[in-house]
2 protein chains.
Amino acid sequence: MTSEITELPHPARSDMQLTDVLFALSDPERLAIVRQLAGGPLEMAQCHLSDPAIPKSTKSHLMKVLREAGVIRNEPLGRGRRLSLRHDDLEARFPGLLGSVLSASAEA
Amino acid sequence: MTSEITELPHPARSDMQLTDVLFALSDPERLAIVRQLAGGPLEMAQCHLSDPAIPKSTKSHLMKVLREAGVIRNEPLGRGRRLSLRHDDLEARFPGLLGSVLSASAEA
DNA sequence: TGATTGGTTCGAAATTATTCGAACCAATCA
DNA sequence: TGATTGGTTCGAATAATTTCGAACCAATCA
C-alpha cells in the first residue's frame, strides 16, 4: 500500500492571475503571513497568526487562498508542512509587484 | 438657494490603506478602469466597461470602491464627472505599486 | 419651463467569501 | 500498537460584496 502523499495543487507560473494575487494580498491576515514568509521559508506550525485562538481550519483556508493564487508554496515536510513565498515565480510574472507590496506594508 | 455641489468624499493620502487598494485592484473590471485612466483623466461617460449593457448604478459602484480606496479621484465637471488616477498620492504612499500593477496587467 | 443627459444613492436579491467544528489522515514517538 | 501532533477537507452558518432597478438630482439645451 504505497500511501498517497498529500501534495497540494499549485498553479503554474504562467497560470497565475494578477487579480487573484492582488485579492490574496488584500486581506490583512494573509498579508501578514506573506510578510513572515518574506524572511524565508517557515514550517507552518511556526507561522503565527495575529490571534493565536484562530482555529486551524481557518488558518488552513488562509493558506489555501494564498497557494491557489500562486503566492505561496505549501509542501509536505516530515510531520508538518513547509511554507515558502514563490518569490521567483512572482517576480517573473509580475515584476516588482511583491517588492512594492512588501515595502509598502512595512512602513504602516 | 446655493445648491449643494455633489462633491464625493476621498480619503486623505495618509489614510489610504494598502489592503483596500489591493482589494480595489483585485477585480478585473475595476482594474480595466484603472488601466484606462492610466492614459490620463477621463470623463466618466467616456470611460467604458467591458460590457456596455452594465447598468449605470453598477458602474457607479465600481467607481465608488476605487474612490474610497484612494485609487481614483471623482470630481464634478460640467454636467458629468471627471475621473482621474491618484498617481502622485499612490506613488507617495505605496511607491512602485501602481506601476508594477499596470505593467503586469498590460502583458496579459 | 420642460425634456434630456449623466450620474449618485437606496434597498433588496443574488452571489462569494469567511469562519468554525467535526471528521479525517499521515508521521512521529512512547 | 496506540496516542499525539500538525494539517486538510467538508458542510453549514454567517458575513461581505456585487448587482440591479427605481428614485432622485443637477446641469444643459430646446
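The values are calculated or read from the model by the stated rules, or taken from the named source; none is laboratory data. This structure is a prediction, so every number in the text was calculated from the model and none was measured. In this analysis, Cβ positions are derived from the backbone assuming ideal geometry, glycine residues included, and neighbour counts consider all displayed protein chains. Accessible surface areas use protein heavy atoms only, side chains included; no ligands, DNA or RNA. Shrake-Rupley method; radii C 1.70, N 1.55, O 1.52, S 1.80 Å.
Of the residues in the stretch A:45-86, how many are of a type in the set (A, V, I, L, M), more than 8 Å from DNA strand C (Cβ to nearest atom) and either farther than 28 Å from B:D27 by Cα or touching a Cys at 6+ places or on another chain (Cβ under 7 Å) (or both)? I'd like the intermediate steps shown before the answer.
Kept after step one, since they are of a type in the set (A, V, I, L, M), are these residues of the stretch A:45-86: A:45, A:49, A:53-54, A:62-63, A:65-66, A:69, A:71-72, A:77, A:83, A:85.
Now narrow it down to the ones that are more than 8 Å from DNA strand C (Cβ to nearest atom): A:45, A:49, A:63, A:66, A:69, A:71-72, A:77, A:83, A:85.
Next, from what is left, pick out any that are either farther than 28 Å from B:D27 by Cα or touching a Cys at 6+ places or on another chain (Cβ under 7 Å) (or both): A:45, A:77, A:83.
Qualifying residue count for the region: 3.
Give the residues of the stretch A:33-44 that are away from DNA strand C (no atom under 12 Å from the Cβ) and under 20 Å from B:L25 (Cβ atoms), sorted by residue number.
Hits for the stretch A:33-44 are A:V34, A:R35.
Any idea which of (1) in contact (Cβ under 8 Å) with a residue 12 or more places away in the chain; (2) within 10 Å of another protein chain (Cβ to nearest Cβ); (3) open to solvent by less than 50 Å² (accessible area, probe 1.4 Å) is the one A:D20 doesn't satisfy?
(3)
For the stretch B:33-52, give me each residue that is open to solvent by less than 40 Å² (accessible area, probe 1.4 Å) and within 14 Å of another protein chain (Cβ to nearest Cβ). Don't jump to the end; show me each part of the working.
Looking only at the stretch B:33-52, we keep the residues that are open to solvent by less than 40 Å² (accessible area, probe 1.4 Å), and these are B:33-34, B:37, B:40, B:44, B:47, B:49.
Scanning the stretch B:33-52 gives B:I33, B:V34.
Give the residues of the stretch B:86-108 that are within 14 Å of chain A (Cβ to nearest Cβ), in a helix (DSSP H, G or I) and of a type in the set (D, E), sorted by residue number. Spell out the reasoning first.
Of all residues in the stretch B:86-108, those within 14 Å of chain A (Cβ to nearest Cβ) come to B:89-108.
Checking the rest, the ones that are also in a helix (DSSP H, G or I) come to B:89-93, B:97-106.
Within the stretch B:86-108, B:D89, B:E91 meet the criteria.
Residues of the stretch A:87-97 being without any contact (Cβ under 8 Å) to a residue 60 or more places away in the chain and under 16 Å from the mean Cα position of the chain (by Cα), which ones?
Pass one, the stretch A:87-97, residues without any contact (Cβ under 8 Å) to a residue 60 or more places away in the chain: A:87-88, A:91, A:95-96.
Within the stretch A:87-97, A:H87, A:D88, A:E91 meet the criteria.
Would you point out the residue of the stretch B:53-74, among those that are near DNA strand D (Cβ under 6 Å from one of its atoms) and of a type in the set (S, T, N, Q), that is surrounded by the fewest Cβ atoms within 10 Å (Cβ to Cβ)? Steps first, answer last, please.
Of the stretch B:53-74, the ones near DNA strand D (Cβ under 6 Å from one of its atoms) are B:54-55, B:57-58, B:61, B:65.
Next cut, of a type in the set (S, T, N, Q) only: B:57-58.
Numbers: B:S57: 7, B:T58: 12.
Among those that are near DNA strand D (Cβ under 6 Å from one of its atoms) and of a type in the set (S, T, N, Q), it is B:S57.
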